[in-house]
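For reference, the structure discussed in these notes is given below.
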Amino acid sequence: MTKHSYSESEWEDRLKLAALYRLMTIHRMTDAANQALMLRCSDNPNHFLTHRLGSFFGDVKASELLRCDFEGVDVHSGEQLIQGKLSGLNAGILNLCVPIFESRAEINCMIHAHSKAVLTISMLQCGLLPVTQAALYIIPRLNYWPYIFNEDENFRSKFAKAFEGNQVIIAHNHGFYSIGKDPAEAFFLAFYLSQACDAQAAAMSCGEPLLVIPDEEAKATWEDMRTSTEYHYDGSMEWDGWMRMVERHESDYKL
């Protein structure tokens, strides 16, 4: 299918999600053919876009994304997508995005990734510490999730509960999830989570005690950040720049 096969609103959604895949590639937050990004469709809140199983993030193109409903039915063909088959649907995607999209009407985008920096911190009992500025605006929206490989019938409800009041989850020994009102916010959180984890891991490797920002100071700083009228911690100021970056390095995302 080509650009002309889709409505104007769906094509815009496809461009945003394909660009997000390429941003993940540029910033080296990818893992072969695993992981997933999901975007709720703007013209139907019960539909979402995602990549085809087996596609590397750097290969994703707007026209090739899957559009399916919350039951895993391809919206354009009307057929049930086969899970676990190349070019089909990633078997775990429905268990991840559906409970969030159903319980959080304000959330339209989810990132699940295994970036090395976050994976490193996910193995440590201390978790992410308030030792960088980036950590100060991630931690208030951060929760942790146990390592779960086999997902039972209670997985979705527990996963949705873990996200209550949060936008970022570090899955122990696994990776992370970030959610936002749009791709800009979801990526902003993923970007600075990765930066905070990378800096903490590097500092810990030096073998010197860390300068931990006291809790009260960290909370006060976050409150100042949250209420700032000059800066917005949701990616809205950065998205145009990130799109220019994609245009320079990964322009075929628009195909």
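Structure summary
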| item | result |
| --- | --- |
| Residue match in the stretch 125-137 (condition: within 24 Å of Pro209 (Cα to Cα), small (Gly, Ala, Ser) and assigned to a loop (DSSP other than H, G, I, E, B)) | yes |
| Options Ala202, Ala196, Ala162, Ala184; residue that is farther than 21 Å from Arg14 by Cα and touching a strand residue (DSSP E or B) at 6+ places or on another chain (Cβ under 9 Å) | Ala162 |
| Hits in the stretch 238-255 (condition: among the hydrophobic types (A, V, I, L, M, F, W, C) and either at pLDDT below 95 or under 19 Å from Tyr192 (Cα atoms) (or both)) | Trp239, Trp242, Met243, Met245, Val246 |
| Restricting the stretch 224-243 to residues that are more than 20 Å from the chain's Cα centre (by Cα) and part of a helix (DSSP H, G or I), the residue that is surrounded by the most Cβ atoms within 10 Å (Cβ to Cβ) | Met225 |
| Residues of the stretch 165-221 classified as within 21 Å of Phe48 (Cα to Cα), part of a helix (DSSP H, G or I) and either aliphatic (A, V, I, L, M) or free of Cβ contacts under 8 Å to residues at least 60 places away in the same chain (or both), total | 5 |
| Matching residues, the stretch 165-178, being under 13 Å from Ile138 (Cα atoms) and out of contact with any Lys or Arg (no Cβ under 7 Å at 6 or more places or on another chain) | Gly165, Ile169, Ile170, Phe176, Tyr177, Ser178 |
| Candidate set from the stretch 75-84 (those that are within 23 Å of the chain's Cα centre (by Cα) and surrounded by fewer than 16 Cβ atoms within 10 Å (Cβ to Cβ)); member that is nearest to Pro99 (Cα to Cα) | Gln83 |
| Test: Gly54 is more than 22 Å from Leu119 (Cα to Cα), small (Gly, Ala, Ser) and surrounded by fewer than 20 Cβ atoms within 10 Å (Cβ to Cβ) | no |
| Failed item, numbered, when Ala218 is tested on (1) loosely packed, with under 15 Cβ neighbours inside 10 Å; (2) over 28 Å from Lys16 (Cα atoms) | (1) |
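So that you can scan it fast, the table gives a plain yes or no per residue for (1) of a type in the set (Gly, Ala, Ser); (2) under 16 Å from Phe101 (Cα atoms); (3) touching a Phe, Trp or Tyr at 6+ places or on another chain (Cβ under 8 Å):
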| site | (1), (2), (3) |
| --- | --- |
| Gln35 | no, no, yes |
| Leu53 | no, no, no |
| Val60 | no, no, yes |
| Leu65 | no, no, no |
| Glu71 | no, yes, no |
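Okay, residues lined up against (1) touching a helix residue (DSSP H, G or I) at 6+ places or on another chain (Cβ under 9 Å); (2) under 24 Å from Ser194 (Cβ atoms); (3) touching a residue at least 40 places away in the same chain (Cβ under 8 Å):
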position: Pro45; (1), (2), (3): yes, no, yes
position: Gly58; (1), (2), (3): yes, yes, yes
position: Gly78; (1), (2), (3): no, no, no
position: Cys97; (1), (2), (3): no, yes, yes
position: Asn108; (1), (2), (3): yes, yes, yes
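The values are calculated or read from the model by the stated rules, or taken from the named source; none is laboratory data. These numbers were taken from a predicted model, which means no experiment stands behind them. When we count neighbours, we look across all protein chains shown, and the Cβ atoms used for this are built from the backbone with ideal geometry, even at glycine.
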